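Structure record follows, encoded as structure tokens.
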Amino acid sequence: MPKKIIVKVGVCNEKGRSKAMKIAAVRPGMNSMSIEGEGRDQLVVIGEGIDSVELVNILRKKLGHATIVSVQDVEAKKKEEVKPIEYVGYYTTYPPPPYYERVVYDPYPSNGCFWF
């Protein structure tokens, strides 16, 4: 079962944070890690089979100060079953034939005057 380990690391700059992440990244069983907390001083490690005491001892040797804040079991995310999309039958009809409008012009137009 994966565990979430939160370790408070005494680093104050980006170089120390990246060094702590490099140390934690090479541990076997590592799934993910991040730097969190208000002062960005907590290293959060998630993985299976990670020994938290061994990790803290290595961090203490390399960085100087490290303490375990918490160790928790993480529930594995359940995969949601993907339901196939049901397609509804769609019936189409052909459009009606085009209607052409025909305009008829009188070849001998009358102006309405009968006296000519």
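The values are calculated or read from the model by the stated rules, or taken from the named source; none is laboratory data. This structure is a prediction, so every number in the text was calculated from the model and none was measured. Using ideal geometry, Cβ is built from the backbone for each residue, glycine included, and neighbour counts are taken over all protein chains shown.
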What do you reckon, is ILE85 touching a Lys or Arg at 6+ places or on another chain (Cβ under 8 Å) and either surrounded by 12 or more Cβ atoms within 10 Å (Cβ to Cβ) or assigned to a loop (DSSP other than H, G, I, E, B) (or both)? no
Taking the conditions exactly as written (of a type in the set (Gly, Ala, Ser) and closer than 17 Å to VAL74 by Cα), does SER18 satisfy them or not? no
Check segment 71-91 and report whether any residue there is more than 36 Å from the chain's Cα centre (by Cα) and more than 30 Å from VAL11 (Cβ to Cβ). yes
Checked GLU54, GLU86, GLU75, GLU80 against criteria (modelled with pLDDT of 90 or more and acidic (Asp, Glu)); the one match is GLU54
